[in-house]
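The block underneath contains the structure these notes are about, expressed in structure tokens.
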Amino acid sequence: MEKKNIDWANLGFNYLPTDKRFVANYKDGAWDEGSLISDATVTMTECAGVLQYAQTCFEGMKAYTTEDGHIVTFRPDLNAARMEESCKRLEMPVFPQDRFVDAVVKTVEANEAYVPPYGSGATLYIRPFMFGSDAVIGVKPSNEYQFRVFTTPVGPYFKGGVKPITIRVCDFDRAAPHGTGHIKAGLNYAMSLYAIMDAHRQGFDENMYLDAATRTKVEETGGANFLFVTKDNKVVTPKSDSILPSITRRSLLVVAKDYLGLEVEEREVYFDEVKDFAECGLCGTAAVISPVGKIVDHGKEICMPSGMSEMGPVTKKLYETLTGIQMGRIEAPEGWIKVIK
């Protein structure tokens with residue numbers, strides 16, 4: 001299929017509508033078959049559950065053109081499983097995991113012309129999401145829901161190359177103990193908006209959230225998990241019931257252990273330890289790894305030994321290996337790559 005006439009090299013990380021999106025509706029206790037449609041608009045009652053009580057969850061993933069010309073996506077089964085957990089926690093009906101993956105495949109296939117070519121630095125971002133769609137005025141779950149998948153071509157998260165960022169220790173809490181921090185609920189992101197904009201106004205790129213109960217342990221940022229490297233090259237990531245189980249982070253731990261031969265550890269990470277780490281990064285779908293060069297704790301600077309000019313050596317190896325797997329340059333573990341075309 002002929003590609004769209006898009007300046008792939010200069011794409012930003014913004015929404016650009018594509019030709020088709022998948023839509024399925026839940027009513028009277030069952031999902032319909034769903035279909036691909038052209039209309040990008042959503043029409044619903046003013047009293048919809050999503051508008052009144054934020055009953056919505058979503059996923060984020062990408063499709064790539066590999067070195068040998070295939071269109072693939074990365075571990076969509078884990079996105080399907082994570083959305084199932086989000087739905088259960090929000091009292092929403094589960095969209096079956098096999099149907100989730102099938103809907104992603106169908107949507108990417110229908111928008112093949114928008115999948116950026118290999119080597120462009122761009123990818124096709126995929127956004128599956130679900131929301132309560134019928135009228136709900138009392139505080140209760142909706143009776144009807146809509147599941148949708150749309151795609152949009154995006155450029156690299158960091159224009160001009162990856163540079164270490166400066167983050168601050170945040171005074172706000174991201175998630176309550178026993179709350180919804182472990183699921184990908186829209187409400188988690190709504191409450192983080194003030195904190196991230198406040199960080200930007202203060203000259204920081206991101207927030208470091210500490211645990212809400214004791215404010216002594218590192219949790220995550222508003223949209224990414226932390227990954228640390230010790231001075232003896234051990235890869236450490238925080239463990240908490242309030243952290244979203246990042247698919248990128250889980251994949252990087254496998255890469256560290258099985259591809260790079262590094263020791264990995266998932267455990268509680270106390271903030272007092274941060275000054276002793278050699279490298280720090282934020283990991284997620286959008287950027288894979290964003291290196292952190294400086295952490296500011298109410299005026300006190302923690303400067304990572306890896307510096308502010310480039311990724312640390314271990315972080316760089318992790319980044320290059322995982323992106324190599326995603327782009328088909330390095331053989332992937334069994335089941336990681338879903339070939340679409």
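The values are calculated or read from the model by the stated rules, or taken from the named source; none is laboratory data. Small disclaimer: the values here were computed from a predicted structure and weren't measured. Note that each Cβ is placed from the backbone with ideal geometry, even for glycine, and that neighbours are counted across all protein chains shown. Accessible surface areas use protein heavy atoms only, side chains included; no ligands, DNA or RNA. Shrake-Rupley method; radii C 1.70, N 1.55, O 1.52, S 1.80 Å.
Scan the stretch 117-124 and tell me whether some residue there is aromatic (Phe, Trp, Tyr), touching a residue at least 24 places away in the same chain (Cβ under 8 Å) and touching a Cys at 6+ places or on another chain (Cβ under 8 Å).
Residues of the stretch 117-124 aromatic (Phe, Trp, Tyr): 118.
Still in the list and also touching a residue at least 24 places away in the same chain (Cβ under 8 Å): 118.
Applying the additional criterion that residues be touching a Cys at 6+ places or on another chain (Cβ under 8 Å) yields none.
No, there is no match, as no residue in the stretch 117-124 is aromatic (Phe, Trp, Tyr), touching a residue at least 24 places away in the same chain (Cβ under 8 Å) and touching a Cys at 6+ places or on another chain (Cβ under 8 Å).
So which of Leu187, Leu244, Leu227 ends up being assigned to a strand (DSSP E or B) and under 20 Å from the mean Cα position of the chain (by Cα)? Going through Leu187, Leu244, Leu227 in turn, the sole match is Leu227. Selection of the stretch 222-275 for residues being hydrophobic (A, V, I, L, M, F, W, C), open to solvent by less than 10 Å² (accessible area, probe 1.4 Å) and over 25 Å from Asp297 (Cα atoms) yields Leu252, Val255, Ala256.
Evaluation of Leu124 against the conditions (1) out of contact with any Gly (no Cβ under 7 Å at 6 or more places or on another chain); (2) surrounded by fewer than 19 Cβ atoms within 10 Å (Cβ to Cβ); (3) of a type outside the set (S, T, N, Q) shows that the sole unmet condition is (2). Considering the stretch 153-184, and only residues there that are touching a His at 6+ places or on another chain (Cβ under 9 Å) and part of a loop (DSSP other than H, G, I, E, B), the residue that is modelled with the lowest pLDDT turns out to be Ala175. When Glu144 is tested against (1) within 23 Å of Ala332 (Cα to Cα); (2) touching a helix residue (DSSP H, G or I) at 6+ places or on another chain (Cβ under 9 Å); (3) open to solvent by 40 Å² or more (accessible area, probe 1.4 Å), only condition (1) is not met. Every condition in (1) modelled with pLDDT under 95; (2) touching a helix residue (DSSP H, G or I) at 6+ places or on another chain (Cβ under 8 Å) holds for Ile126 except the one numbered (1).
Can you tell which of Leu252, Leu262 is in contact with a helix residue (DSSP H, G or I) (Cβ under 8 Å, 6 or more places away or on another chain) and within 11 Å of Leu227 (Cβ to Cβ)? Answer to the check: Leu252.
The residue that is least open to solvent (accessible area, probe 1.4 Å), counting only those in the stretch 1-39 that are farther than 23 Å from Asn143 by Cβ and of a type in the set (S, T, N, Q), is Thr18. Inside the stretch 254-276, residues that are touching a residue at least 40 places away in the same chain (Cβ under 8 Å) and touching a Lys or Arg at 6+ places or on another chain (Cβ under 8 Å) make up a count of 7.
Residues satisfying the criterion are present in the stretch 152-166 (criterion: open to solvent by 60 Å² or more (accessible area, probe 1.4 Å) and more than 21 Å from the chain's Cα centre (by Cα)).
Within the stretch 311-341, the residues that satisfy the criterion of being open to solvent by 80 Å² or more (accessible area, probe 1.4 Å), assigned to a loop (DSSP other than H, G, I, E, B) and without any contact (Cβ under 8 Å) to a residue 60 or more places away in the chain are Glu331, Glu334. Among the residues making up the stretch 191-221, those that are modelled with pLDDT of 95 or more, over 23 Å from Pro164 (Cβ atoms) and open to solvent by 50 Å² or more (accessible area, probe 1.4 Å) are Leu193, Tyr194, Ala213, Thr214, Arg215, Thr216. The residues in the stretch 11-57 that are of a type in the set (S, T, N, Q) and over 22 Å from the mean Cα position of the chain (by Cα) can be counted, and the count is 7.
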